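Peer 1: My structure is below; once you've seen it, I'll send some questions.
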Amino acid sequence: MAAYSERGVHGQTVQLLGERVVSGRIAEGETIDLAALSGELDLSLTAIREAIRVLGAKGLVGSRQRKGTYVRPRSDWNLLDPDVVKWQVAAGAGEAFFRNLAELRGALEPTAARLAALRRTEDHVAQLRAAVRDIAETHDSSPEDAAESDLRWHRALLAATGNELYTRSDIFISAGLIERDRLVHSGTHKDPVPSHTAVTEAVAAGDPAAAESAMRSLLEQADEDLLRAAGDDAPHDGLERPE
């Protein structure tokens, strides 16, 4: 589920139309006048249709006889698609999205850390420690590099659970985690190495309670970093966790 990375006019057109749909500028259920778009953007009808096909693959638009091309209900959108995630954040819907992501991670990752401590192999521990070193090396690097290093660590943790469904659950968090990390690493944030090291070493020691506790602490720091990056240091209902 890679992001749509084609550059040039076609890629720009996909992005422009995607952002209009996700932002609600073209509302759910609304018919899209392809000919009008062609004139507005000074692009051929073929180019517009090619961009629409990409959005269709992401669940954003559909077509029906007589109705033509229209925006599908949000419930049909592929909200895990990297581009859809990026467009939501760009459209100003980042607060709601990151709140949902925080809740999902809070339900998923502490248990993953516990299972990893019970089932990890030497290879899993080696991968986690290597990922921590990557995080340390990219901490002051570009936001993109830092985000990729962090994602490698989370994927290594999920793999260490020995549960195939947990391993594949990275599809639920990867796109959102990358966007969150890009935002956080673009501003002031705490050093992520100690919190990731704490989880890694608890997993390595085979201590499930310590691993779960360390992961909860990591997630609390992640929430604090996000609030700081958003310029809001006050208590924030959207990212609070229930006791």
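Peer 1: Run the quick spin-label model on Leu41 and Ser63: label points 7 Å from Cα toward the beta carbon, then report their separation in nm to one decimal.
Peer 2: Distance between the two pseudo-spin positions: 1.4 nm.
Peer 1: OK, next. Just one of [x] 1.05; [y] 0.94; [z] 1.01 is Rg/Rh (Cα atoms, Kirkwood Rh) as worked out from the coordinates here. Which one is it?
Peer 2: Computing Rg/Rh (Cα atoms, Kirkwood Rh) and matching it to [x] 1.05; [y] 0.94; [z] 1.01 gives [x].
Peer 1: State the extension gain, in nm to one decimal, for the chain segment bounded by Glu144 and Arg25, taking 0.36 nm per residue of separation less the distance between their alpha-carbons.
Peer 2: Value of the extension gain: 40.0 nm.
Peer 1: Compute, for the chain, the length of the dipole vector about the Cα centre, with Cβ point charges of +1 (Lys, Arg) and -1 (Asp, Glu) only. Units Debye, rounded to 20.
Peer 2: In debye, rounded to 20, the chain gives about 1020.
Peer 1: Mean Kyte-Doolittle of at least -1.0 plus a Cα span of 27 Å or more along the axis: flag which DSSP H helices in the chain meet both, please.
Peer 2: Working: long enough: 94-119 (35 Å, 0.08); 208-229 (31 Å, -0.24).
Span-like helices here: 94-119, 208-229.
Peer 1: If you don't mind, another one. For segment 92-233, with only Lys/Arg (+1) and Asp/Glu (-1) charged at the beta-carbon, what is the dipole magnitude about the Cα centre, in debye rounded to 20?
Peer 2: Dipole of segment 92-233, to the nearest 20 debye: 440 debye.
Peer 1: Mind giving me the nanometre distance, one decimal, between the label points for Val9 and Glu137, set 7 Å out from Cα along Cα→Cβ?
Peer 2: 4.2 nm
Peer 1: With all protein chains present, how much of the accessible area of the chain (probe radius 1.4 Å) comes from carbon and sulfur, to the nearest whole percent?
Peer 2: That fraction is 48 percent.
Peer 1: Under a crude label model (7 Å from the Cα following the beta-carbon direction), how far is Ala126 from Lys190 in nanometres?
Peer 2: Roughly 3.2 nm, to one decimal.
Peer 1: Can you give the Kirkwood hydrodynamic radius for segment 9-76, in Å, rounded to one decimal and based on Cα pairs?
Peer 2: Averaging 1/r across every pair of different Cα atoms and inverting gives 11.8 Å.
Peer 1: Just the number, please: Stokes-Einstein D of segment 159-203 in µm²/s, Kirkwood Rh from C-alpha pairs, 37 °C, 0.692 mPa s. Can you show the working numbers first?
Peer 2: Details: Rh = 12.5 Å.
It diffuses with D of about 263 µm²/s by this estimate.
Peer 1: Once the Cα gyration tensor of segment 92-233 is found, what semi-axes does its equivalent ellipsoid get, as square roots of 5 times the eigenvalues, in whole Å, sorted largest first?
Peer 2: The answer is 23, 16, 13 Å, longest axis first.
Peer 1: How much accessible area per residue does segment 92-233 have, in Å², with a 1.4 Å probe? List each step's numbers first, then the result.
Peer 2: Working: 6490 Å² over 142 residues.
Using a 1.4 Å probe on heavy atoms only, each residue of segment 92-233 averages 46 Å².
Peer 1: How much area per residue is accessible in segment 35-85 when the probe is 1.4 Å and only protein heavy atoms are counted (Å²)?
Peer 2: Ligands and nucleic acids excluded, the result is 54 Å² per residue.
Peer 1: Return one quarter of the surface area of the convex hull spanned by the alpha-carbon atoms of segment 51-141, equal to its mean projected area, in nm².
Peer 2: Orientation-averaged projected area of the Cα hull: 9.5 nm².
The values are calculated or read from the model by the stated rules, or taken from the named source; none is laboratory data. Note that the structure is predicted; figures quoted are calculated from it, not measured. Don't worry about glycine lacking a Cβ; one is built from the backbone with ideal geometry, like all the others, and counts go over all protein chains shown. Areas reflect the complete protein model, heavy atoms only, side chains present, ligands, DNA and RNA absent. Shrake-Rupley method; radii C 1.70, N 1.55, O 1.52, S 1.80 Å.
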